[in-house]
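Presented below is the structure to which this report refers.
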Amino acid sequence: MTLSNRELFIRYLGQTSENPYLLEIERAEGVFLYDTAGKKYFDLISGVSVSSLGHNCKNIKDSINEQVEKHLHLMVYGEYIQSPQVKLAEYICGLLPESINSVYFVNSGSEAIEGAIKLAKRYTAGTKMFSFRNAYHGSSHGALSLCGNEEFKNSFRPLLPEVYILDFNDYSQLDLIDKNTACVVFEPIQAEAGVIIPDGKYIKTLKQVCEKNNCLLIADEIQTGFGRTGKMFGFEHFEIVPDIVCFAKALGGGMPIGAFAASRDIMKSFTSNPVLGHITTFGGHPVCSAAALSTIKFINESGLVNDVYRKEKLFRKFLVHSKISEIRGRGLLLAIELNESTDVYKFIKQGLIEGFVTDWFIFHDSAFRIAPPLNITDDEIKMSCELIKSALNKI
Ligand code: PLP
């Protein structure tokens, strides 16, 4: 008996939830996903803040194909000069403040966080690390240790020691940061917490406290990076310059790549005591690097980022409904808060029937996510908002 892909998925793939979406997508184009029956869905989440240029983008595919013809993996990271990597690193540094001028490539967001916290410990010799309530920084042990949600962490203890959780905008807790601190890790806009934006004044003070204690401020730009919030990077909203910046998701335009960037002075701590302070076999894979360069070049040079606020306003204009109590966020990273009696999970399922994909947040269960490709058109915004309202009417 031949099993369907759905049956094979359930039987053979490690499952992470009792209720996976079970959508089987055959192809994707622009802002649309098409399932095996040919049904079309608006992708309003971009594979969770990944496909910022939509699906099947010609530029990205061309750079992938070009690199595939030249070579795939050659050597572990950091030994050979690989042209896609060096061009990408140069381009990323050109987008960042001058003081951040060295990039280390990895394969994912969690790995970027792992590398960044190791770098901070090695550079400062500090042992304490701070992160924030309901922060999500990844699922590997180090990144999970920084996660700001006890329920999510408790079954996996022991995790890293000396990790402390702060609350956004609580100035009194900043005294906990001391000379024995390696780093403070923060999301400029918390995504999985339900799109929470800290006060600008608080983030400036946090930066000053880090400077005073010689510890490093690490910005997790894994969801906010490359234009999603209306600026190239989320930290730019706060007029501060972090010491280390972590990227992944949108960087690769749909290919797996992550990175952390710092000053050359900080980064060089990985070269001695011990040598090979951080190792990765596939980090900055040439095909992913080529895809990443054409992705961020396009995002930067097309003017898309300048149009993100206008698109946010369109969503806010069209998404008026009695079941929507608040729209929170910045740019195209939005949490649509539903009123108490409306079940978000039911709404998401209804969305699949109507023909759009949205998502819930890991640490906030009364809102759904809007994070579409940045190149979604005005008409597509309008049509998808009509579908959202229609789904709300039916649940
Ligand atoms: N940091 C943030 C803010 C994230 O949203 C995520 C993933 O959702 C990560 C880190 C981890 O990235 P990855 O899933 O690529 O390991």
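Name the residue that is nearest to ILE92 (Cα to Cα), counting only residues in region 192-227 that are of a type in the set (Gly, Ala, Ser) and within 16 Å of the ligand (Cβ to nearest atom).
GLY225
Output the number of residues of region 306-338 satisfying the condition of being within 19 Å of GLY227 (Cα to Cα), buried (at least 21 other Cβ atoms within 10 Å of the Cβ) and of a type outside the set (Gly, Ala, Ser).
Residues in region 306-338 being within 19 Å of GLY227 (Cα to Cα), buried (at least 21 other Cβ atoms within 10 Å of the Cβ) and of a type outside the set (Gly, Ala, Ser): 6 in total.
Away from the ligand (no atom under 16 Å from the Cβ), surrounded by 13 or more Cβ atoms within 10 Å (Cβ to Cβ) and of a type in the set (Val, Ile, Thr): does that describe ILE117?
no
Here are some conditions: (1) surrounded by fewer than 20 Cβ atoms within 10 Å (Cβ to Cβ); (2) modelled with pLDDT of 95 or more. ALA367 meets all but one. Which one does it not meet?
Condition not satisfied by ALA367: (1).
List the number of the failed condition for SER139; all other conditions in (1) buried (at least 16 other Cβ atoms within 10 Å of the Cβ); (2) within 26 Å of LEU251 (Cα to Cα); (3) within 15 Å of the ligand (Cβ to nearest atom) hold.
(1)
Just wondering, is there one or more residues in region 261-270 that are closer than 19 Å to ALA120 by Cβ, in contact with a Leu (Cβ under 9 Å, 6 or more places away or on another chain), in the same structural domain as LEU96 (by TED's automatic domain parsing) and hydroxyl-bearing (Ser, Thr, Tyr)?
Within region 261-270 (the criterion being closer than 19 Å to ALA120 by Cβ, in contact with a Leu (Cβ under 9 Å, 6 or more places away or on another chain), in the same structural domain as LEU96 (by TED's automatic domain parsing) and hydroxyl-bearing (Ser, Thr, Tyr)), the answer is yes, since at least one residue qualifies.
Here's a check for you: in region 245-278, which residue that is closer than 14 Å to SER49 by Cα and part of a helix (DSSP H, G or I) is nearest to the ligand (Cβ to nearest atom)?
In this case the residue turns out to be LYS249.
With region 294-395 as the region, which helices (runs of 4 or more DSSP H) entirely inside it contain at least 3 residues that are in contact with a Gly (Cβ under 8 Å, 6 or more places away or on another chain)?
The helices (runs of 4 or more DSSP H) meeting that bar are 308-318, 378-394.
Looking at region 235-252, I want the residues that are within 16 Å of ILE92 (Cβ to Cβ) and have a partner that is part of a loop (DSSP other than H, G, I, E, B) and aromatic (Phe, Trp, Tyr) with Cβ atoms under 8 Å, at least 6 apart or on another chain. Which pairs are those?
Correct list of pairs: VAL245/PHE233; PHE247/PHE226; ALA250/PHE226; LEU251/PHE226.
The values are calculated or read from the model by the stated rules, or taken from the named source; none is laboratory data. Since we're looking at a predicted model, the values are computed, not measured. Cβ: placed from backbone, ideal geometry, glycine included. Neighbour counts: every protein chain shown.
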